[in-house]
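Here's the structure, in structure tokens; my notes come after.
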Amino acid sequence: MSEVGSEQQPLRVAIIGSGPAGFYTVSNFLKHKDIHVEMDMYERLPTPFGLVRAGVAPDHQKYKTVTRAYNKSADNPAFRFFGNVAYGEHFKLADLQQYYHQIIFCSGASSDRNLDVPGEDLTGSHSATDFVAWYNGHPDCVDFKFDLGQESAAIIGLGNVAVDVARILCKTNDELKNTDMADYAIAALADSNIKNVYILGRRGPAQAAFTPPEIKEMGELEDTDVSISLDEATVDAASLEEMEAKGDKNTAKNVKIIRTLAETQPQGKGKQLNIRFLVSPTEIIGDENGNVTGIKVVKNEAYKDEDGSVRARATAETETIPVGLVFRSVGYRGVPLPEIPFNAAWGTIFNDAGRITNSDGAVQPGLYTAGWIKRGPTGVIGTNKTDAQETVNNMVEDLKAGKFNQPDEPAKEAAEAFIQSRQADLISYQDWAKIDASEVEKGLAADRPRVKYTDVKSMLDLLER
Ligand code: NAP
């Protein structure tokens with residue numbers, strides 16, 4: 001009998017999720033020229049690319065050019081795309097084990113972390129990730145409501161998502177109208193009344209998680225002055241010591257840019273972006289109708305922890321910032337998948353370098369993971385390339401060691417017939433190419449990268465389903 005991975009008996013791999021980790025799984029596998037592999041990618045939405053489509057800022061198109069490489073992988077005959085089918089809804093783990101030798105979960109981190117302060121559930125208090133998905137036209141989020149009639153909004157956290165949200169709230173219609181942001185979001189933001197935006201960081205400039213180009217851009221907005229107090233822009237002694245010890249170039253750049261922004265005189269622009277350091281929210285305050293009216297913060301001081309890192313601790317000083325909108329932007333969070341061992345404390349699948357394990361560390365043969373659901377929501381898009389490479393190398397090692405699942409029906413036609421029987425409105429990559437071409441064509445007419453379809457029905461209508 002021929003070996004699995006040979007031309008006669010290709011290795012059959014199911015990939016769950018079509019974001020960067022899923023596509024880097026494909027490209028990494030394709031580098032192993034000695035292995036005959038057939039990969040089927042399953043995606044809950046009709047559209048691929050995960051956060052590249054629904055998370056990356058619409059005014060940062062350059063980050064989306066990675067999809068050219070993903071399309072190249074998808075062109076390979078070893079690849080098939082099954083969109084509009086959900087793991088746990090249309091099929092289960094046992095179904096996949098019927099058709100595949102190896103199954104890899106690349107489902108990302110679709111939820112977000114809570115702040116755990118009183119008032120978090122008030123009307124007007126949102127997760128930044130919901131807002132991001134809304135303005136990017138994620139079909140699950142088109143009906144979300146954000147009261148942009150408010151004058152002031154606060155964003156909690158010093159990461160790139162916080163900066164993205166602040167920038168979108170601060171940009172003018174001229175700065176947004178040529179993006180691929182959902183049409184309804186462009187219209188809502190054009191009518192926005194927001195004049196004051198606060199970014200609230202619990203630690204100092206030297207611990208900011210955003211990257212230098214992102215913070216630098218805030219000083220270049222058409223109608224927004226940036227306000228940072230010189231006092232809060234000044235790096236404390238413990239942080240200076242940490243910066244010297246680590247020698248991280250990005251931190252040094254951030255600190256310099258923040259200083260420059262603090263020293264820049266306001267130019268009387270229409271909006272003000274206030275970046276605050278060393279403040280932690282302690283309560284979101286609301287009126288008798290349950291609407292957000294402000295955020296109470298405590299001033300922090302930096303101190304060096306026993307492990308050498310600089311942390312923040314509360315002082316006795318508090319203040320209340322009047323805002324009608326609050327966005328918590330303190331990190332994404334993975335959600336459990338049915339029948340897959342989940343580390344609830346970390347929001348990740350239990351794994352050892354991509355091999356899925358039980359909570360006791362025992363490896364589950366044939367099951368793998370890559371991307372944010374493997375390691376947590378950190379790093380940039382490219383970080384998923386090396387992350388997927390680690391997992392794929394282990395998949396190849398296990399294949400060669402004969403450690404994989406033995407499917408009853410390894411023929412690729414069998415898997416397709418099965419999934420078709422569960423979802424008649426299956427979307428292939430050719431279908432997606434039609435949706436893509438239509439979006440781009442509509443975009444051309446409006447001088448935009450694309451005009452997105454934001455609901456599944458309109459995509460199926462286009463495909464005449
Ligand atoms: P992030 O980079 O992990 O930042 C989370 C921020 O929340 C940190 O400043 C953190 O502060 C703060 N935080 C956590 N818990 C808090 C609490 N209880 N109270 C106050 N602040 C709290 O997460 P993210 O911004 O969601 O981004 C996720 C990933 O996507 C990151 O790797 C990011 O770089 C990436 N991303 C990149 C881009 C880009 O390249 N342009 C754009 C968007 C996202 P501490 O440091 O004190 O914990």
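The values are calculated or read from the model by the stated rules, or taken from the named source; none is laboratory data. These numbers were taken from a predicted model, which means no experiment stands behind them. Virtual Cβ from ideal backbone geometry, glycine too; neighbours counted across all protein chains shown. These accessible areas exclude ligands, DNA and RNA; they are computed on the full protein's heavy atoms, side chains included. Shrake-Rupley method; radii C 1.70, N 1.55, O 1.52, S 1.80 Å.
Residue under question is GLY17, and the condition is that it be small (Gly, Ala, Ser) and on the phi < 0 side of the Ramachandran plot; does it hold?
Against the criterion (small (Gly, Ala, Ser) and on the phi < 0 side of the Ramachandran plot), GLY17 does not qualify.
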Sole residue being touching an Asp or Glu at 6+ places or on another chain (Cβ under 6 Å), among the aromatic types (Phe, Trp, Tyr) and open to solvent by 10 Å² or more (accessible area, probe 1.4 Å), chosen from TYR63, TYR99, TYR24: TYR99
Candidate set from segment 187-210 (those that are within 14 Å of ARG167 (Cα to Cα) and part of a loop (DSSP other than H, G, I, E, B)); member that is farthest from the ligand (Cβ to nearest atom): LYS195
Segment 371-392, residues that are in contact (Cβ under 8 Å) with a residue 12 or more places away in the chain, under 19 Å from LYS31 (Cβ atoms) and part of a helix (DSSP H, G or I): ASN384, LYS385, ASP387, ALA388, GLN389, GLU390, THR391, VAL392
Any hit, segment 222-232, residues being open to solvent by less than 20 Å² (accessible area, probe 1.4 Å) and within 16 Å of the ligand (Cβ to nearest atom): yes
Within segment 333-353, considering residues that are free of Cβ contacts under 8 Å to residues at least 60 places away in the same chain and part of a loop (DSSP other than H, G, I, E, B), the one nearest to GLU390 (Cα to Cα): ALA353
Residue within segment 172-179 that is open to solvent by 10 Å² or more (accessible area, probe 1.4 Å), touching a residue at least 60 places away in the same chain (Cβ under 8 Å), assigned to a helix (DSSP H, G or I) and within 16 Å of the ligand (Cβ to nearest atom) present: no
Flag if ASP425 is charged (D, E, K, R) and part of a helix (DSSP H, G or I): no
Positions within segment 273-307 being open to solvent by 60 Å² or more (accessible area, probe 1.4 Å) and under 27 Å from the mean Cα position of the chain (by Cα), in sequence order: GLU283
Candidate set: segment 233-257, residues that are β-branched (Val, Ile, Thr) and either assigned to a loop (DSSP other than H, G, I, E, B) or open to solvent by 70 Å² or more (accessible area, probe 1.4 Å) (or both); chosen: the one nearest to THR172 (Cα to Cα): THR234
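Give me the strands (runs of 3 or more DSSP E) completely within segment 65-150, filtered to those with at least 2 residues that are more than 15 Å from the ligand (Cβ to nearest atom) and either more than 19 Å from PHE418 (Cα to Cα) or not hydrophobic (A, V, I, L, M, F, W, C) (or both), ordered by residue number. Steps first, please.
Values: elements: 79-83, 102-105, 125-127.
Hits in segment 65-150: 79-83, 102-105.
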Where a residue in segment 262-288 is at positive phi and within 16 Å of the ligand (Cβ to nearest atom) and its partner, wherever it lies, is open to solvent by 60 Å² or more (accessible area, probe 1.4 Å) and not acidic (Asp, Glu), with Cβ under 8 Å and at least six apart: LEU278/ARG202; LEU278/ARG203
